[in-house]
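The values are calculated or read from the model by the stated rules, or taken from the named source; none is laboratory data. Bear in mind the structure is a predicted one, so any value in this text is a computation, not a measurement. We place every Cβ from the backbone using ideal geometry, glycine too, and count neighbours over all the protein chains shown.
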Amino acid sequence: MELSLTTRQQQVLRATVDHYVATAEPVGSKALAREYSLSISPATIRNVMGVLEQAGLLFQPHTSAGRVPSDFGYRHYVDELMMPSATFVQQIEQALHQKLRTESWILEVLLRDAAQILATLSGCVALITLPQATTSTVRHLHLVQVAPHRVMLILVTDAYETQSVVMELPRTDWDTTEPDNIEQELKILSNFLNHHFVGSSLQDLVALDQYELDREFQKYTDFLKILLSDLMQRCETLSPNNILVGGLAEVLRQPEFSELQQAQTLIHLLEDGQDLLRPLIDEIATDLNQKTTLTSQHQKVNIRIGTENSLESIRAYTLISSTYQKGHTPVGSVGILGPTRMAYEKIIALVTVTADYLSTCLTQTA
């Protein structure tokens, strides 16, 4: 719904949102007149607040209380009145550079650390989705002997995730082979696998052609096929809805979760409802009720406020998310879930800067 507010109405709405976000208490005209430089009397402020209430931007939780923003009020604030801070964006970038351990190149460690930083800085629940296995490609394969008759195949994907599978060596083929020769043969087999599969999809792992093996290694074809098939099955059984969660303890301190039922609903969603939550984090908004905002960095951020959420269990919350990419390909999403009473400028900056930072890390290491 299009809405045109006067400058005075915008000032009062912005002040009301800022006050309520900071205090979690309904605000009245006297408080706004005392705490904000609006240059108008409490009576005038009260009249303006009445107009804003009639427009659906504010409401009174109780007849004797002050007013609080509605979901529609927050939406108008986000779309029209926010004033992002370049200084805060720089602070987030600095925190990410200082605290994220990118030198390890283990993606899950990087994402888990990012989720914890987001949770700490936002006071809300941080949600970062892991790349789905079906979209990954092979970066490196390595065979290593872990026991006299046991070999481990280690897979590293393009997203720097690692998976491994262990298998018994076929005794008829390896019993008479010297330990040093086994190590050498495993190295040659590793080189063969990397030559044929690096850059291929995980599904290609099972397409081993015995005629491509050198003649002296054809006796290992069945062994390699089983090993690669077991590895592929392990990758396929990984949960496609895996979400790294940080900050549950922080958000439960918010006054919105003072009631046990609210806290239990959120905990249940994060523990058992990730299959419902992930599509909302990853989804690109396409309609007016799931609006996509373009930040100053031209990165899309999806903002769903309260009743804009299609999932009933989070209609008391706001979900803000953005994708992180490898090159130009989206591989996962960064999200923050918290009360609708949140510092939107801060949270949107946290999400977009973190998504951009992760994209840079993945793209530079491609």
The condition of being assigned to a helix (DSSP H, G or I) and either among the small types (Gly, Ala, Ser) or under 26 Å from the mean Cα position of the chain (by Cα) (or both) holds, among Ala65, Ala43, only for Ala43
Here the qualifying pairs (Cβ atoms under 6 Å; residues six or more apart or on different chains; first in the range 68-82 and part of a helix (DSSP H, G or I); second polar (S, T, N, Q) and crowded, with 20+ Cβ neighbours inside 10 Å) come out as Tyr74/Thr340
From the option list Glu53, Glu108, single residue qualifying as assigned to a helix (DSSP H, G or I), charged (D, E, K, R) and in the same structural domain as Val251 (by TED's automatic domain parsing) is Glu108
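Residue by residue, here is whether (1) touching a residue at least 60 places away in the same chain (Cβ under 8 Å); (2) under 21 Å from Leu111 (Cα atoms) holds:
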residue	(1), (2)
Ala249	no, yes
Leu252	no, no
Leu260	no, no
Gly273	no, yes
Ile281	yes, yes
List pairs: first residue in the range 26-45 and assigned by TED's automatic domain parsing to the domain that holds Pro61, second residue among the aromatic types (Phe, Trp, Tyr) and modelled with pLDDT of 95 or more anywhere in the structure, Cβ distance under 9 angstrom, at least six positions apart or on different chains.
Pro26/Tyr20; Val27/Tyr20
Every residue from the range 208-231 that is within 40 Å of the chain's Cα centre (by Cα), modelled with pLDDT under 75 and surrounded by 13 or more Cβ atoms within 10 Å (Cβ to Cβ):
Leu208
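Hey, could you check the range 329-353 for residues that are more than 18 Å from Gln90 (Cβ to Cβ) and hydrophobic (A, V, I, L, M, F, W, C) and say which is nearest to the chain's Cα centre (by Cα)?
From the range 329-353, those more than 18 Å from Gln90 (Cβ to Cβ) are 329-342, 344; that's our starting set.
Among the residues that remain, those that are also hydrophobic (A, V, I, L, M, F, W, C) are: 331, 334, 336-337, 342.
On the way: Val331: 10, Val334: 2, Ile336: 8, Leu337: 10, Met342: 18 Å.
Looking at residues that are more than 18 Å from Gln90 (Cβ to Cβ) and hydrophobic (A, V, I, L, M, F, W, C), I get Val334.
Report yes if Ile92 is out of contact with any strand residue (DSSP E or B) (no Cβ under 7 Å at 6 or more places or on another chain) and over 30 Å from Asp113 (Cα atoms), otherwise no.
Numbers: out of contact with any strand residue (DSSP E or B) (no Cβ under 7 Å at 6 or more places or on another chain): yes; over 30 Å from Asp113 (Cα atoms): no.
Considered against the rule, which asks whether it is out of contact with any strand residue (DSSP E or B) (no Cβ under 7 Å at 6 or more places or on another chain) and over 30 Å from Asp113 (Cα atoms), Ile92 comes out as no.
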Apart from one, (1) surrounded by 14 or more Cβ atoms within 10 Å (Cβ to Cβ); (2) modelled with pLDDT of 70 or more all hold for His195; the odd one out is (1)
Does Lys187 satisfy the criteria of being in a helix (DSSP H, G or I) and at pLDDT below 85?
no
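Residue-wise test of (1) within 30 Å of Asp158 (Cα to Cα); (2) not β-branched (Val, Ile, Thr).
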| site | (1), (2) |
| --- | --- |
| Leu311 | no, yes |
| Gln325 | yes, yes |
| Thr329 | yes, no |
| Gly335 | yes, yes |
| Thr340 | no, no |
| Ala343 | no, yes |
